[in-house]
Amino acid sequence: MSAPSRQHLNNRSNSLCKELRSLGDGFLATFDGPARAAQCASSVIEAVRSLGIDVRAGVHTGEVELQETGVRGVAVHIAGQAAAGECLVSRTVKGLVAGAELKFTEREKTT
């Protein structure tokens, strides 16, 4: 994980954020709530964009399977579908964070 990304995760000390695993040029983290996860993801994207780096972030909430190496399951797979420079949130997250003053844009459908 890049230093700016890790710094943004560490700065989220008011939320329960846990970095689970480094994925080469990425990382997987869990949060205590979907709004905090989306806010952190967006701030990481903006912070590293100024360095000329396009990162992708996906946010989903759901059941995961705990393993020795981290977590896996549908929630992890859905969160991994974001494109470079994008914070992709699932419809589940969008519904849960209503009232959290987050703004969303519809993603163009691919064929």
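A few points about this structure:
- FRET efficiency, ARG107 to LEU66 (Cβ-Cβ, R0 22 Å, nearest 0.05): 0.15
- With neighbours defined as other Cβ atoms within 10 Å of a residue's Cβ, the residues ARG56, ARG72 order from fewest to most as ARG72, ARG56.
- In sequence order, the stretch 100-108 has phi-based couplings of 8, 6, 9, 10, 10, 10, 5, 7, 5 Hz under the Karplus curve 6.51 cos²θ - 1.76 cosθ + 1.60, θ = phi - 60°, and Gly or Pro positions carry x.
- Ordering GLU46, GLU63 from the fewest to the most neighbouring beta carbons within 10 Å gives GLU63, GLU46.
- Couplings for the stretch 65-76, taken from phi via the Karplus curve 6.51 cos²θ - 1.76 cosθ + 1.60 with θ = phi - 60°, read 9, 7, 10, 4, 8, x, 10, 8, x, 4, 4, 5 Hz in order; Gly and Pro are left as x.
- Annotation: peptides 27-33, 48-54, 87-93, 103-109, ranked by per-residue average of other Cβ atoms within 10 Å with the highest first, follow the order 87-93, 27-33, 48-54, 103-109.
- Whether the stretch 27-80 is rounded, prolate or oblate, judged on the alpha carbon gyration tensor where a/c under 1.5 counts as rounded: prolate
- Amide H contacts of VAL59 (H built 1.01 Å from N, in plane; Pro and chain starts excluded): LEU88, VAL89, SER90 sit under 5 Å, all sequence-distant by 5 or more or on other chains.
Each value in this text was obtained by applying a stated rule to the coordinates, not by laboratory testing. In this text, all values refer to a predicted model and were calculated from it rather than measured experimentally. In this analysis, Cβ positions are derived from the backbone assuming ideal geometry, glycine residues included, and neighbour counts consider all displayed protein chains.
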